[in-house]
Every structure is written in structure tokens, then in C-alpha cells.
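Student: I have a structure I would like to understand better, so I am pasting it below and will then ask my questions one at a time.
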Amino acid sequence: MVSEEQALAIYKSAIHFDGLNIANWSREIFEAWNAGGIDGVSCTCGLWEGLRGSLANVVQWKEWFEEHSDLIVQAHTVRDIRKAKEAGRTAVLLSWQNTAGIEDQLAYLRVFRDLGVRKMQLTYNTQNYSGAGYTELRDSGLTGFGRQVVDEMAKLGIVCDLSHVGPQTSEDVINYAPEGKPPCFSHILPGGMKDHPRNKDDRLIKLIGSKGGFIGLSQFGPHMAKGNDSTIDDYVDALDYVIGLVGEDLVGIGSDSSEGHGRPSEFMAWCNKDKGYARQLTPWGSQKVVKPLGPLADRAKLAVSMAKKGWSEEKMVKVLGENWLRYLEKIFGE
């Protein structure tokens, strides 16, 4: 059995990659990553924005990479993430939670790929040109244009994320995606532990696993089995539950940390309205949400909880980050 002291040593030496943060970006967040031993993070830099707004967000990140180069570095490849670990910095993988940024132009995918946006969620909660989000009144499935988007993302080495995507559209993408370039659920919870439209049912989790896709586990309290009473140990139980469905090589962390954003706040209200301004989609712009992994700076506690649950060092290292990196290598092709 791995002791607490050993667990902390394992965490320090292992690579920890978090598959989704949507924090209130600032030097304080970058310092928290450093203090928490978080070596790589998929950072949301696009949600409802169109082309112009999405470009502005990338420009802002480029400025931050220069201004805070002692703490963060942009990741274009898995090799960049490993080098950041060696240098004591956090690698930032720029990511979208919607493909609104390409508007209706497939060619824009290459532009954003070249700028370093290497992970994109196909839809965010509602309908777009490619398919339906999970709150849509009717899940239309993957559209013809959406098939072209999925094909182009695979060709360009962009991860296709299905976390907020509707169940029919998700299933269509999983079955349609080119062989060897499976999609992922970067930040979800299992419907088998709590039935909620935002959670993915066990059948879909098994399906994406059968294609070699990836599952990152969110820590969104209201969607966990014990709701906002959930603890870090309950989060590890959720990891074990999904590992029981697909094995321990396809599961990792996708915390969905929103550290620094209040509830209520203008930003959270924007996130939870259709297109950022129309109908309210969820109550989470203002209602209480507990995230049991706690502050980013305390992330090492996750390894201690894993050890308490009887996890081996090999299993810990895989789920903390190595599984994510192997999956990203498969999609990036490098």
C-alpha cells in the first residue's frame, strides 16, 4: 500500500495534466498551478465567441506567455508538456469549448491549429453548425458540415471534445471519427453514478473507450453522486467507476476548475446563457457549486486520496497524466 509520504513523492515526480480549466486567468492562477504541481492544463480560450473574439483571446494568451514566462509556456506538442515539467513551468494547451470560432469556415480550423488551439469541443450546450449540445430541445445529431469539421480536425491533429455535446451527436461523432483519431470526453461524470443530462451514460463511455477515446473526469459537485456534499475521496471513487467501464489506460483528470470566478458573476451568467446572452440554459451561473478537489494549489491531495483507496504507483502515474499524454500524442501525431 502506498503511504501518504510516498503518494506525495509520486505526485511530485509524475506529470500531472488537467484536461480542462476555465479559471479567471491571472498570475495568481499561474502561481497556483505551480504551487499545486500541475504540469499541463487544457485552458478554455473560446466559448461563445466568433472569429474576431476568438482571435482576441489567443492574442491575450500570447501576451501572457511572454509576460509570465517564468510560470507558463504554450504547448503545441506533448514534448512541450514534458519539457515544461523539466523546467518547473506549466504547459498551457489552448482549447475551445465550442467551434463557434470558425463560424461557417472549415479553413479557419488550420489557422487556429497553427496558433496553438489544439483541442476543440464540437458544441457547447446548444445547436451550432456541427451538431447539438446537451441542453438543446432536440438533439439533431452530427450534421453534414459537422462531419467535415470532424474530418478536418482529425487531419490537422486537433482533439475533438464531446463533453457538453448531446448524446445523439456524441454517439454519431464517436462512430464517424476516422480510425486512430477518436474523440474524447475531457470533463464529464458518469451517468451510472448520477443520472443527469450533462453526465455521459455508461453505454457512451464504453463506446468511446472501445474506439480508443479518452475520458477526463470533472469534479462538478451537483453532478456527482453525493451532490455538493461530495469529497475528494468521492471523486476518486468516480475515477474508479469509469476505470471499471473502460480500463485504467483511458481515464484521467478534467477538473473543470473555475477558480477565481464567483457565482453569481457576469462571466458565469454569460457561460450559462445560449450564445452568452439569450435563454438561460442552466442554473449554475448563480447557484452553489462545490468542486471537491479544492484549490488548484492543493492538487497534490488528489494523490493522497488515490493512495488511501489502494491505488498502485503505476495506476496513479497513468491517471494523473500519462494517459492524457498518450492520447494527445495519438491525436497530434507527434
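The values are calculated or read from the model by the stated rules, or taken from the named source; none is laboratory data. Nothing here was measured: the structure is a model prediction, and the numbers come from that model. Counting neighbours? That spans all protein chains shown, and the Cβs are built from the backbone with ideal geometry, glycine included. The protein model used for the area step is the full one, side chains on, heavy atoms only, and it has no ligands, DNA or RNA in it. Shrake-Rupley method; radii C 1.70, N 1.55, O 1.52, S 1.80 Å.
Student: Using only the alpha-carbon atoms of the range 190-334, report the extent along each of the three principal axes, biggest first, to the nearest angstrom.
Tutor: Sorted from largest, the Cα extents of the range 190-334 read 44, 32, 31 Å.
Student: Let me check against my output: what whole-number percent is the relative contact order of the chain, with C-alpha pairs under 8 Å and at least 6 apart?
Tutor: Averaging sequence separation for qualifying contacts and normalising by length gives 22 percent for the chain.
Student: What percent does the relative contact order of the range 1-91 come to when contacts are Cα pairs within less than 8 Å and at least six residues apart?
Tutor: So the answer I get is 30 percent.
Student: I want to check the label-to-label distance for residue 211 and residue 70. Put each point 7 Å from Cα in the C-beta direction and report it in nm to one decimal.
Tutor: Between residue 211 and residue 70, the label points sit 4.5 nm apart.
Student: Ranked highest first by average number of other Cβ atoms within 10 Å, how do 112-125, 148-161 line up?
Tutor: Going from most to least packed, we get 112-125, 148-161.
Student: Rounded to the nearest 500, what is the chain's calculated 222 nm mean residue ellipticity when only DSSP H runs of at least 4 contribute -39500 (n - 2.57) each, over all residues? Don't skip to the answer; put the middle values down first.
Tutor: Working: 13 runs with 130 residues, N = 334.
Mean residue ellipticity, 222 nm, calculated: -11500 deg cm²/dmol.
Student: For residue 203, put the label point 7 Å out on the Cα→Cβ axis and report which residues of the range 220-258 keep their amide N under 11 Å from it.
Tutor: Of the residues in the range 220-258, none has backbone N under 11 Å from the label point off residue 203.
Student: For the range 271-323, what ratio Rg/Rh do Cα atoms give with a Kirkwood hydrodynamic radius?
Tutor: When Rh is taken as the Kirkwood radius, the ratio is 1.23.
Student: Next question, about the same structure. Could you give the radius of gyration (one decimal) and Dmax (whole number) of the Cα atoms in the chain, in Å?
Tutor: For the chain, the Cα radius of gyration and maximum Cα-Cα distance read 18.1, 53 Å.
Student: Nearest 20 debye, what's the magnitude of the dipole of the range 139-274 about its Cα centre given +1 on Lys and Arg Cβ and -1 on Asp and Glu Cβ?
Tutor: Computed about the Cα centre, the dipole is about 280 debye.
Student: If you place +1 on the Cβ of every Lys and Arg and -1 on the Cβ of every Asp and Glu, how big does the dipole about the Cα centre of the range 268-334 come out, in debye to the nearest 20?
Tutor: 380 debye
Student: Here's a follow-up. Working with all protein chains in place, sort 76, 261 by solvent-accessible area computed with a 1.4 Å probe, largest first.
Tutor: 76, 261
Student: Another question, if that's okay. Could you give me the ³J(HN,Hα) list for the range 45-53, computed from phi with Karplus coefficients 6.51, -1.76, 1.60 and θ = phi - 60°, whole Hz, x at Gly and Pro?
Tutor: Once θ is set to phi - 60°, the couplings for the range 45-53 become 10, x, 9, 10, 5, x, 4, 4, x Hz.
Student: Tell me, what is the 1.4 Å probe accessible area of residue 145, in Å² to the nearest 10?
Tutor: Surface open to solvent at residue 145 totals about 50 Å².
Student: A further question follows. If you average the sequence gap of Cα pairs under 8 Å that are 6 or more apart and divide by the length of the range 1-155, what percent do you get for the contact order?
Tutor: The value is 19 percent.
Student: Using R₀ = 22 Å, calculate the FRET efficiency as 1/(1 + (r/R₀)^6) where r is the Cβ-Cβ separation of residue 83 and residue 329; round to 0.05.
Tutor: 0.95
Student: Beyond a 25 Å Cα-Cα separation, which of these cross-linked pairs lie in this structure: 211/308; 194/330; 85/318; 12/62; 308/330?
Tutor: Violating the 25 Å Cα-Cα cut-off are 211/308; 194/330; 12/62; 308/330.
Student: Give me the Kirkwood hydrodynamic radius of the range 229-303, using the inverse of the mean 1/r over all pairs of distinct Cα atoms, in Å to one decimal.
Tutor: Computed over Cα pairs of the range 229-303, the Kirkwood hydrodynamic radius comes out at 14.4 Å.
Student: Which distance in Å, rounded to a whole number, links the C-alpha centroids of the range 287-326 and the range 145-216?
Tutor: Each part's Cα centre sits 22 Å from the other's.
Student: Size of the dipole of the chain about the Cα centre, Lys and Arg at +1 and Asp and Glu at -1 on the beta carbon, nothing else charged, in debye to 20?
Tutor: Working: 38 positive and 44 negative charges, 65 e Å.
Around 320 debye, computed over the chain.
Student: Let me ask you something else. Where Rh is the Kirkwood radius over the Cα pairs of the range 124-173, the temperature 25 °C and the viscosity 0.890 mPa s, what D in µm²/s does Stokes-Einstein return?
Tutor: This corresponds to a translational diffusion coefficient of 232 µm²/s.
Student: Which value, in Å² and to the nearest 10, is the accessible area of residue 164 when all protein chains are kept and the probe is 1.4 Å?
Tutor: Approximately 20 Å² of residue 164 is accessible to the 1.4 Å probe.
Student: Let's test the formula: R0 of 41 Å, r as the Cβ-Cβ distance of residue 1 and residue 195. What FRET efficiency results, to the nearest 0.05?
Tutor: Approximately 0.75, to the nearest 0.05.
Student: Report the extension gain between residue 63 and residue 151 in nm, rounded to one decimal, defined as 0.36 nm multiplied by the number of residues separating them, less their alpha carbon distance. Mind showing how you got there, number by number?
Tutor: Working: separation 88, 0.36 × 88 = 31.68 nm, distance 3.14 nm.
Value of the extension gain: 28.5 nm.
Student: Give the calculated FRET efficiency between residue 179 and residue 104 to the nearest 0.05, with a Förster radius of 41 Å applied to their Cβ-Cβ distance.
Tutor: E(calc), rounded to 0.05, equals 0.90.
Student: Can I ask one more? Would you mind giving the average projected area, over all directions, of the Cα convex hull of the range 203-271 in nm² with one decimal?
Tutor: 5.6 nm²
Student: How many percent of all Cα-Cα pairs in the range 10-118 sit more than 25 Å apart? Walk me through the numbers on the way to the answer.
Tutor: Details: 1152 of 5886 pairs.
In whole percent, the share of Cα-Cα pairs in the range 10-118 beyond 25 Å is 20.
Student: Something else: Please report the base-10 log of the normalised intensity I(q)/I(0) for the range 1-57, using a Debye sum with one equal scatterer per alpha carbon and no solvent, at each q in 0.18, 0.24 (1/Å).
Tutor: -0.74, -1.00
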